[in-house]
């Protein structure tokens with residue numbers, strides 16, 4: 001049995017390609033070998049930074065036999081084609097969320113990976129974050145009794161989506177904040193309740209940032225099959241001067257008590273005195289969920305285990321996201337398909 | 001100038017809070033307190049040095065009373081308010097104004113016809129942190145408000161059983177959520193277009209009032225807000241109010257649990273206090289910043305200077321309409337457009 005997993009990156013348009021690359025390099029049983037990216041300049045920069053090879057096409061990368069698995073961190077709209085190629089080439093797949101921008105794409109990706117017998121893991125990093133795992137354990141221990149309601153935020157500093165243009169180009173991203181920031185909380189709610197979404201209702205507000213051409217804020221109410229109610233606020237609406245990038249918070253209300261999760265709350269505060277504008281910033285010292293997620297993926301490959309966040313989980317995230325858009329459009333609750 | 005005579009109806013938590021606050025308003029003198037059980041009212045009356053009543057009609061006949069302050073269950077507001085107005089008294093009523101728009105309209109109409117002042121106790125507007133939020137928004141610090149979320153919650157108010165009876169309090173969506181609904185409408189300064197809500201009895205199945213509400217509000221210019229109101233929290237949960245608003249130029253966050261200036265920890269208990277909301281204690285309580293003092297003071301000013309109260313009947317009707325729309329939405333599982341048609 002191999003003792004190491006060698007990775008190729010298919011697309012590095014998403015910021016997370018950086019932290020996933022760094023995470024793999026930190027692990028003794030992981031290695032980053034090559035990268036392909038449509039934007040050659042971006043791809044070559046990435047190759048240089050990680051001291052790896054740049055491949056001129058996905059096929060060139062995929063035909064290499066020194067690559068066991070791929071990380072797909074391209075623009076959302078390109079995930080499907082890259083994943084299908086990777087599956088056909090027999091490579092395991094770690095795919096950024098949302099895994100696709102249509103359900104047809106998502107279903108096809110998951111089915112093809114299954115057929116090819118490769119692992120498909122969705123980058124639902126919150127399933128690997130020690131704080132959200134702690135909450136999962138508290139729930140399973142019955143600490144708060146039966147779960148009744150889950151209300152969360154996964155809000156983002158409004159300056160961040162503009163750092164990479166494609167996030168705000170629907171043909172590449174599939175949408176705005178709803179597409180980008182529904183899935184983490186939707187997945188936590190599914191994970192914590194063990195139930196699927198029966199219905200979602202979404203209100204999309206006028207934009208906080210008029211420079212962004214897609215929606216940058218929304219409020220989604222969810223009802224799960226088992227009756228639990230939930231709420232998701234994944235707006236990109238935090239002011240750009242905020243002392244941090246954003247948050248993942250969740251209130252877990254049960255029959256016996258309540259848990260408040262603030263997953264990225266472990267920070268020291270820094271304030272400079274170089275200029276009058278030096279403001280408060282947060283510096284995080286908590287769990288690195290990207291590292292834990294990659295570690296787990298490597299383990300799944302080496303020990304032939306099922307990923308914690310599967311392709312199906314990724315698919316369900318897409319279904320909830322698309323139902324949210326439909327609900328906002330129709331002005332009524334919609335059942336995810 | 002003669003002091004204005006005040007009678008307080010009800011001697012529960014809010015009644016006694018008001019009785020304490022009135023003592024510091026020098027333009028006024030509390031003359032009487034009314035409650036159902038004469039023995040109990042007498043005790044409260046004695047403490048505050050006022051007369052005790054258990055009959056509203058007797059109380060109303062006194063001509064040295066100018067202001068009726070209604071701190072009884074919400075379902076009784078309209079009856080007491082209208083009778084008081086017809087008798088020429090100014091009326092301060094606790095929030096919510098009433099449990100139906102029909103009652104609210106009758107109260108508003110009676111105040112107008114009898115030319116008396118009418119104010120509803122949306123006291124949040126007088127809390128120092130909320131006053132600061134309003135001030136910053138009005139200064140344009142966040143540009144146009146776009147998306148907001150509020151949380152208000154604590155344990156079920158068992159100490160006052162009428163809250164648990166939906167026919168008296170309206171449940172959590174009406175009684176508790178209305179604070180944030182009123183404040184949001186004040187901040188956004190826009191008409192509410194539609195409301196979608198989940199309103200449930202999550203923990204307390206043996207009462208008629210709902211204990212949990214998630215209300216999504218859409219304003220006419222496209223702003224949106226989530227109001228979460230909960231009586232479904234554990235018994236030791238500290239009463240919490242959080243407010244966050246993101247606008248086109250900035251954001252504001254307020255959280256009463258993270259701004260506690262005085263914490264008390266003993267072997268038996270952990271508690272946090274702010275001077276403005278300390279259980280009444282004359283030696284340390286700075287009354288000029290007490291929110292209940294402030295709202296009553298504002299009301300007296302409106303009477304003295306013939307001004308319209310900030311939270312008039314008309315204003316209070318608006319937040320009631322949104323809360324009633326939330327109840328309707330939860331029943332129908334569909335968004336409900338305003339104006340709300342009752343029936």
Quick calc: nm separation of the 7 Å Cα→Cβ label points for residue A:269 and residue B:221 -> 3.3
The exposure ranking of B:202, A:172, A:27, fewest beta-carbon neighbours within 10 Å first, is A:27, A:172, B:202
Could you grab the Rg to Rh ratio for the range B:4-124? Cα atoms only, Kirkwood for Rh. 0.94
Counting other C-beta atoms within 10 Å, which of B:92, B:48 has the fewest, and how do the rest follow? B:48, B:92
So, in Å, what gap is there between the alpha-carbon centers of the range A:268-337 and the range A:187-241? 13
A student applying the Cα gyration tensor rule (rounded when a/c is under 1.5; otherwise prolate if a/b is larger than b/c, oblate if not) would label the range A:108-193 oblate
A student applying the Cα gyration tensor rule (rounded when a/c is under 1.5; otherwise prolate if a/b is larger than b/c, oblate if not) would label chain B rounded
Who wins for biggest fluctuation among A:143, A:182, A:220 in a Gaussian network model of chain A, springs between alpha carbons below 10 Å? A:143
When the expected Rg is taken as 2.2 N^0.38 Å, what fraction or multiple of it is the alpha-carbon Rg of the range B:31-98? 1.06
Considering only the protein assembly as shown, what is the antiparallel percent among its DSSP beta bridges, to the nearest 5? 55
Using only alpha carbon pairs under 8 Å that are at least six residues apart, calculate the relative contact order of the range B:4-124 and give it in whole percent. 22
Assuming R0 = 60 Å, can you tell me the calculated FRET efficiency for the pair residue A:107 and residue B:271, based on Cβ-Cβ distance, to the nearest 0.05? 0.65
Anyone know which of B:237, B:183, B:151 comes out most mobile in the 10 Å Cα GNM of chain B? B:237
Packing-based exposure ordering (other Cβ within 10 Å, fewest first) of A:282, B:231: A:282, B:231
Hey, in the GNM for chain B with a 10 angstrom Cα cutoff, which one of B:157, B:234, B:145 fluctuates hardest? B:234
0 to 90° range, to nearest 10: angle between helix B:77-86 axis and chain B longest Cα axis: 50
When only Cα pairs under 8 Å and 6 or more residues apart are kept, what is the percent relative contact order across chain A? 20
If eta is 1.567 mPa s and T is 4 °C, what Stokes-Einstein diffusion coefficient results for chain A, Kirkwood Rh from Cα pairs, in µm²/s? 63
Antiparallel versus total DSSP beta bridges in chain B: what percent is that, nearest 5? 55
Partner shielding of A:196-208, as the mean number of partner chain Cβ atoms within 10 Å, equals 5
Counting just the Cα atoms, what span does the protein assembly as shown cover along each of its three principal axes? Round to the nearest Å and put the largest first. 98, 57, 48
Number of partner chain Cβ atoms within 10 Å, mean per residue of B:143-154: 4
Would you kindly compute the Cα radius of gyration of the range B:130-213 and its largest Cα-Cα separation (Dmax), both in Å? 15.5, 47
Averaged over the residues of B:239-251, the number of partner chain Cβ atoms within 10 Å of each residue's own Cβ comes to 4
Rounding to the nearest 10 and keeping the result within 0 to 90°, find how far the Cα-based axis of helix B:13-22 lies from the longest principal axis of chain B. 60
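Read the figures in this text as sums done on the coordinates, not as results from a lab. Please read all numbers here as calculations on a predicted model, not as lab measurements. So basically every Cβ, Gly included, is an ideal-geometry build from the backbone, and we count neighbours across all protein chains shown.
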